[in-house]
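The values are calculated or read from the model by the stated rules, or taken from the named source; none is laboratory data. Just so it is clear, the model here is predicted, and its values are computed rather than measured. Here Cβ is always computed from backbone atoms with ideal geometry, including for glycine, and neighbour counts include all displayed protein chains. To get the accessible areas, we keep the full protein, side chains included, count just its heavy atoms, and leave off ligands, DNA and RNA. Shrake-Rupley method; radii C 1.70, N 1.55, O 1.52, S 1.80 Å.
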Amino acid sequence: MNTLAKFNDRHLRTIVWVMRIAIGAVFIVSGLAKAIDPWGTIYKMEQYLSVWGVPDVRSLVIVASVALSSVEFLIGALLLTGSYRRSAPLLLLAVMAVMLPLSGYIALYNPVADCGCFGDFLIISNTATFVKNVFITAALAYLFVYNRRVNGLYNPYLQWMEVVLLVSYVLLVAVHGYSIQPLVDFRPYKVGTPLIMSQGEEVDAEYAFVYEKDGKQRQFDIDNLPDSTWTFVDRVAIGGEDSDSRTLTLYDADEDVTDTAITRNGDELIMFIPEIKNVDIANTYLINEIERKIDAGGGRFIAVIAADDEGVEVWKDIALAEYPVYTAEDTAIKEVARGNMSLVYLHDGVIVWKRTLGSMMRNPVIMSDAAVWLPMHEFNGHHRLLVYSCVLIGLLLLLWGINRGGHAVKWLLCRKNKNKSVTLQD
């Protein structure tokens, strides 16, 4: 009987830890992807509100975006490490109580193209999202019952420190993504790639080919295409970058001027404005200073806004713009760079850096030449995320070491007391 109990206990521990790691990892990835690109989550939330006819308030949506990403990341990490063994599954079940019916509604009626569960990092179909949420909810229900029976990595008296570290990390990532640019760019217009592809130039991408037979669809790679009994259905990008996703087209009135507006020689700074209603007019002085310095250095400055011809004229009047102003679709602008007003610096047509206007260092811009402050604004988002992540993991390992040290001290004290008791009895 004792042997059977030990076997069942070991079996239970294995199942609980597997579910902790699997479900916790899903929420960590989901929350971190949203935190890296908070603007993407903001746009997705506003898309939901627009479909439902609910008037949105940008400030509330921003708070909701950061809160959602932080909660998903935090509770997912707590579940994975076995901390707050009762509260973590309960809180995630509360989240799924909203997400499961919502994903079912989206799968049934398709009000949006994708749910945005993993941001632009991983896009899955609405049906797959609903199925995923069903399995997650079932696993959380199991953990709600059995999670308390298996210890976690940290003792309760240290778990608050884990919460502080996790919240600080995810907020740091989210603030960077909101105020500057996402640390990792999940969109087609990455730093180091041309903003506009030359005619006949293709973007390196890998594809899967969808074929149908007897009412069933399967994906095949280019080296293993099926025979003629299968019918071709679609082509799906599975790696690299898909050139079809690059939809940026610039217009002057109704004329396509993309090839002439984007220079492939020298320096060019492009200001993107996806929504004029959210622009702070107080920034027009800094914009004009940037344009003047770029022009004096032999470069070019243009603005691209999502507006009609009347909106262009309004912008030229309020901003006293002497630079060219073109129009583009707001969705395409949001794909290139994030923020109400963002700048993209090109050298020979290749993207060097992207950042919001608010993150520009005013004193160097105003006091120095463009050749001085243009290189100052370049940053490596991947490197920063790696540093932040390594610091977090290092501190969590240190905390775990302190936790194990406490166990060791307790064991030594218990052993000492036991030896003392035996000596007294002798």
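Could you tell me the distance between the Cα centroids of the range 13-87 and the range 370-394, to the nearest Å? If you average the Cα positions of each part, the centres end up 24 Å apart.
Mean sequence separation of contacting Cα pairs (under 8 Å, at least six apart), scaled by the length of the range 38-182, corresponds to a relative contact order of 33 percent.
Each Lys and Arg adds +1 at its Cβ and each Asp and Glu adds -1 at its Cβ; summed about the Cα centre, the range 1-106 shows a dipole of about 520 debye. Accessible surface area normalised per residue over the range 51-193 is 47 Å², counting heavy atoms of protein chains with a 1.4 Å rolling probe. Pairs exceeding a 24 Å alpha-carbon distance, out of Lys34/Lys190; Lys132/Lys213; Lys293/Lys334; Lys277/Lys334: Lys132/Lys213; Lys293/Lys334. Residues with beta-carbon under 13 Å from that of Ser69, excluding Ser69: net charge, scoring Lys, Arg +1 and Asp, Glu -1? Computed value for this residue: 0. The Cα-based radius of gyration and maximum Cα-Cα distance (Dmax) for the range 79-185 are 16.7, 47 Å.
Let me check I've understood the local charge: for Phe121, count other residues with C-beta under 11 angstrom from its C-beta, Lys and Arg +1, Asp and Glu -1. What total comes out? It would help to have the intermediate numbers written out before the result.
Numbers: positive: Lys34, Arg187; negative: Asp37, Asp120, Asp185.
Residues close to Phe121 contribute a combined charge of -1.
Compared with the alpha-carbon gap, the fully stretched path from Leu49 to Asn288 is longer by 82.5 nm at 0.36 nm per residue. Counting heavy atoms of the protein chains alone, His347 has an accessible area of about 90 Å² for a 1.4 Å probe.
To two decimal places, what compactness ratio does the range 332-404 give when its Cα radius of gyration is scaled by 2.2 N^0.38 Å?
Numbers: Rg = 17.9 Å, N = 73, 2.2 N^0.38 = 11.2 Å.
In units of the 2.2 N^0.38 Å rule of thumb, it is 1.60.
Amide hydrogen proximity for Ile351: with H placed 1.01 Å from N in the peptide plane, the residues at 5 or more positions away or on another chain lying under 5 Å are Gly192, Thr193, Leu195.
Charge dipole (Cα centre; +1 on Lys/Arg Cβ, -1 on Asp/Glu Cβ; no other charges) of the range 261-317 amounts to roughly 300 debye. The share of accessible area on the range 3-147 that comes from carbon and sulfur is 74 percent, using a 1.4 angstrom probe. The 1.4 Å probe gives accessible areas that order Tyr323, Tyr142, largest first, as Tyr142, Tyr323.
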